[in-house]
Amino acid sequence: MPPAVFRFAPSPNGYLHLGHAFSAMLNADLARVSGGRFLLRIEDIDPTRCRPEFEAAIYEDLAWLGLSWERPARRQSEHLSDYRDALERLVARGLVYPSFESRAEITRAIAEQEKKAPWPRDPDGAPLYPGTARSLTPEERSRLLQSGAPYALRLDMAMACRTAGPLSWTERGQGPRGETGTVTADPAAWGDIIIARKETPTSYHLAVVVDDAVQGVSEVVRGQDLFWSTSVHRLLQELLGLPQAAYRHHRLIRDAAGQKLSKSTDATGVRELRAAGVRPADIRRRIGLA
């Protein structure tokens, strides 16, 4: 049996905080105990937010924590053709359509609908896309595409779910409500998700399943905030004929107010703690690792 393959996959859009440290160290610990491999992947498909200094800091912080990984790390920006190929396979099966509305237009349309009744929301609490662009005629779509208008490529979720059939995954950790073991996937709860944009041939959802397949990742260990995203990932794996991994969703590291740590809220950073004289062993104790 081949060795288990684990990965830590941060985005270089900010400095690592204690939540990242927990996920990275847990992955490395599990790889070491199982005699497996530990990979680092840099998820840098968003050029507007990802910066070289943040990527350099990721390498520096992980090394200071005592972690080592197989080199070179996979950088998503260097593999856009992989995602484009996967996208074209979905398009060829008629599972993808372009939507041309702006975020503001979608928000206004949903607000109008909510005057009549509550609008359905995805597991993260965001309102589902109304599906307006599905009703465009081929001629209308062609005209808008030729005009150069910006667009997002969306997965026709109803058609995709019919094509894939029932799905589940093996959960070795625990979901937000205690889910473990065999978990039934519910990708329809996310609606017609964006899987690419005019200027970017992929989204997080599409890139992550392609990357995991290319890298042979067999154990996906990540935070509980991504638990329900696994439904989408299982769907894309099935549609693209990609192998599925086992999943382990771990607890989140939270601040004093009970909120999960976030780059956007200036959560305590690994580099700040290091500068203050905190040691890697102190970090392990603080986040509850032996």
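We did not get these values from a lab; they are worked out from the coordinates using the rules stated. Remember, predicted model here, so these are calculated numbers, not experimental data. Cβ sites come from the backbone with ideal geometry, for glycine too, and all protein chains shown count toward neighbours.
Some notes on this structure:
- Counting only Cα atoms, the size of the stretch 155-290 along its three principal axes is 54, 39, 31 Å, in decreasing order.
- Nonlocal amide H pairs with ARG37, under 5 Å, H built at 1.01 Å: ALA4, VAL5, PHE6
- MRE, 222 nm, helices only [DSSP H, n ≥ 4, -39500 (n - 2.57), over the chain, to nearest 500]: -11500 deg cm²/dmol
- Separation of alpha-carbon centers, the stretch 29-96 and the stretch 106-143, rounded to whole Å: 32
- With neighbour counts taken as other beta-carbon atoms within 10 Å, the residues THR132, THR268, THR182 rank, fewest first, as THR182, THR132, THR268.
- Gain on full stretching of the segment that runs from GLU114 to SER168 - 0.36 nm per residue minus C-alpha separation: 16.2 nm
- Each label point was placed 7 Å from the Cα along the Cα-to-Cβ direction; for ARG143 and ASP85 their separation is 3.8 nm.
- Between helix 204-215 and the chain there is an angle of about 60 degrees, using the helix long axis and the longest principal axis of the Cα atoms.
- In plain terms, the bigger the Kirkwood radius, the slower the diffusion; for the stretch 62-170, with that radius from Cα pairs, at 37 °C and 0.692 mPa s, Stokes-Einstein puts D at 186 µm²/s.
- Annotation: the antiparallel percentage among DSSP beta bridges lying fully within the stretch 109-265 is about 60.
- From phi via Karplus (6.51, -1.76, 1.60), per-residue ³J(HN,Hα) for the stretch 63-72 in Hz, x at Gly/Pro: 5, 4, 6, x, 9, 10, 9, 5, 10, x
- Estimated Rh, the chain: Kirkwood, alpha-carbon pairs, angstrom: 20.6
- Amide H contacts of VAL96: ASP156, each under 5 Å away and 5 or more positions distant or on a separate chain (H built 1.01 Å from N in the peptide plane; Pro and chain starts excluded).
- Angle in degrees between helix 103-114 and the longest Cα principal axis of the chain, rounded to the nearest 10: 70
- Here the Gaussian network model covers the chain, with springs between Cα atoms less than 10 Å apart; of ALA104, ALA24, ALA164, ALA104 fluctuates the most.
- Charge context of PRO280, other residues only, Cβ under 14 angstrom, K/R +1, D/E -1: +2
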